[in-house]
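The values are calculated or read from the model by the stated rules, or taken from the named source; none is laboratory data. Not measured: the values here are computed from a predicted model. Here the Cβ positions follow ideal geometry from the backbone for every residue, glycine too, while neighbour counts run over all protein chains shown. For accessibility, only protein heavy atoms count, side chains too; no ligands or nucleic acids. Shrake-Rupley method; radii C 1.70, N 1.55, O 1.52, S 1.80 Å.
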Amino acid sequence: MSSTSPDLPNTPANLRAPLGFAPPSLNRDEDASSYETLLARMSETVGPASLLEEIWLRDVVEHVWETIRLRRRKAGVVNANAGEGMRHILVSLDCRNTFELTKRWFARDPAVVADVEARLAAAGLGINEVMAQTLRLCLAEYEGMDRMLRSAEARRDAALHEIERHRAHFAALLRRAAQNEERAAETAGAPIEDAEFEMVQTGQHPEARG
């Protein structure tokens, strides 16, 4: 459930955060309740057992959210430039009034959409070729978004690895501590014969003492 007031927009400033944590970094088009759902589900899965693990968890959630955001942005780059891709295709087909046709096609005018699709089909083309042309036109921007996405995924993976490493180290510490306690308990309750045997093994026979 969202922590924002129903009278306020879902902006970072209106999101409550636990003491010591900053509100999540959300853009204007992002839903705070979706972010909170992601945080709650990951928290339930991981079960942070300390403040340190809580910090790492929130870092991972931020990185996951960023990768989701960048994937949407990559698709948005292509979709936002689809009109220009269509215009280039129509120009190559020697269509008239390509600017107006493209404008109305991009606005999803039903009559123009049907007309443009018929023109494309007559040339053996379709929306796939339009989107390919669009990608060609915005390739530099698309590749820049892809680099940003790979960087965000690398930060996410590094944070996950740090949590895994921490927990493995903590488990090893617990295991060694348990073994030490068990050995100490066994030594404290060992029979005399065992104690004498240990001293003989080290060259100190009980009869040699004194």
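Taking label points 7 Å from Cα along the Cα-to-Cβ direction, Leu93 and Asp31 give a separation of 3.7 nm. Of the peptides 53-61, 41-49, the order by per-residue mean of other Cβ atoms within 10 Å, starting with the highest, comes out as 53-61, 41-49. Report note on the peptides 80-91, 123-134: ranked by the mean count of other C-beta atoms within 10 Å, highest first, their order is 80-91, 123-134. Modelled label positions at Ile68 and Leu52, each set 7 Å beyond Cα in the direction of Cβ, lie 2.8 nm from each other. Restricting the calculation to Cα atoms, every distinct pair contributes to the Kirkwood radius of region 63-163, found to be 15.2 Å.
Within the accessible area of region 97-141, the carbon and sulfur atoms contribute 59%, probe 1.4 Å, all protein chains present. Under the simplified labelling scheme, the Arg41-Asn128 pair shows an inter-label distance of 3.2 nm, with each label point 7 Å from Cα along Cα→Cβ. Rounded to the nearest Hz, the phi-derived 3J(HN,Hα) couplings of region 101-110 under the Karplus curve 6.51 cos²θ - 1.76 cosθ + 1.60 (θ = phi - 60°) are 4, 5, 4, 6, 5, 5, 7, 6, 5, x, where x marks glycine and proline.
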